[in-house]
Amino acid sequence: MRIVFLGDSLTEGREGASYLRVLGEWVAGTPELRGVELINAGVGGDTVHNLARRVERDVAPHDPDWVVVFAGANDCTTALLRRGLPTPRVLLGRRYFRRSKGLRAAVTPEAFLAGMRVLVAALRGRTHARIAICTPATYGESLTARPWRLLDRYAEAARQVAAERECALIDLHRRFAAELAATPKRRPLARACGMRARFMPSAAYEARARARGYRFTYDGIHLTDRGARLVAEQMEDWLCATLG
């Protein structure tokens, strides 16, 4: 069975820990899963609209049996940037999505819902694959903060499309919510450095997570080893249920 994982930097795995690497190690070590091929089709910064544009290039040529769609964090970021004060960091983020990702407007929860429907239609029009939709995992590690509450709406949109289009659902958002609620919050140790994780070894981004008081991410989005294992566990549960 060939599975294409279509997503953003969390799937690409260059920043922080890679859930797909962890999952690949588990699959390779499980005799019942050794015939499963995992294909990484993640591109950092992508929103649901960017994923739809890449179906022909990055998915269809592999002729997959399944496509796992994992998006939403960047879509949520565009909405937060639109609402943010025009600081240099916010303006830089807006320019990145406009110039590098070709987005003329923020991907609101409503636009994300519509975009997911378009993406599912594109996958079904260009492949024979079955589709599994993931809810976006986390945005920060506070269940009461504005980014998390906004991401709730993207997660609900993903659930809605999975139900109405009869796709499998991998509810990462619900799993992360349960883990965050059950795990005592760390106290921040110091100001975290501003380096991007792609230039840091594992020990450095784990230290950055501890400095911020985070457990599953080092910057609120990109995964630590613990966060990557949590995503991989959910993926493995779905994979075993699918094959079972």
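Summary table below
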quantity: Lone unmet requirement of (1) surrounded by fewer than 16 Cβ atoms within 10 Å (Cβ to Cβ); (2) under 29 Å from A181 (Cα atoms); (3) among the basic types (K, R) for R126; calculated: (2)
quantity: Residue in region 158-179 that is of a type outside the set (S, T, Y), in contact with a Phe, Trp or Tyr (Cβ under 6 Å, 6 or more places away or on another chain), on the phi > 0 side of the Ramachandran plot and surrounded by 15 or more Cβ atoms within 10 Å (Cβ to Cβ) present; calculated: no
quantity: Among (1) surrounded by fewer than 19 Cβ atoms within 10 Å (Cβ to Cβ); (2) on the phi < 0 side of the Ramachandran plot; (3) assigned to a loop (DSSP other than H, G, I, E, B) - the single one D46 does not satisfy; calculated: (1)
quantity: Residue that is surrounded by the fewest Cβ atoms within 10 Å (Cβ to Cβ) [pool: residues in region 215-232 that are in a loop (DSSP other than H, G, I, E, B), in contact with a Gly (Cβ under 7 Å, 6 or more places away or on another chain) and not polar (S, T, N, Q)]; calculated: G220
quantity: Residue that is over 17 Å from the mean Cα position of the chain (by Cα) and either acidic (D, E) or within 12 Å of A52 (Cα to Cα) (or both), where the choices are R89, R104, R126, R94; calculated: R126
quantity: Meets criteria (among the basic types (K, R) and at pLDDT 95 or above) for R57; calculated: yes
quantity: Residue that is under 24 Å from A155 (Cα atoms), of a type in the set (D, E) and either under 19 Å from the mean Cα position of the chain (by Cα) or surrounded by fewer than 16 Cβ atoms within 10 Å (Cβ to Cβ) (or both), where the choices are E37, E25, E15, E32; calculated: E15
quantity: Any hit, region 137-148, residues being aromatic (F, W, Y), touching a residue at least 24 places away in the same chain (Cβ under 8 Å) and not in a helix (DSSP H, G or I); calculated: yes
quantity: Residue among L85, L91 that alone is part of a loop (DSSP other than H, G, I, E, B) and surrounded by fewer than 17 Cβ atoms within 10 Å (Cβ to Cβ); calculated: L85
quantity: Scope region 105-136; condition in contact with a helix residue (DSSP H, G or I) (Cβ under 7 Å, 6 or more places away or on another chain) and either within 26 Å of R212 (Cβ to Cβ) or not in a helix (DSSP H, G or I) (or both); matching residues; calculated: A106, V107, T108, T127, A129, I131, A132, I133, C134, T135, P136
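The values are calculated or read from the model by the stated rules, or taken from the named source; none is laboratory data. None of the values given here were measured: they were computed from a predicted structure. Positions of Cβ are generated from backbone atoms using ideal geometry, with glycine treated the same way; all protein chains shown enter the neighbour counts.
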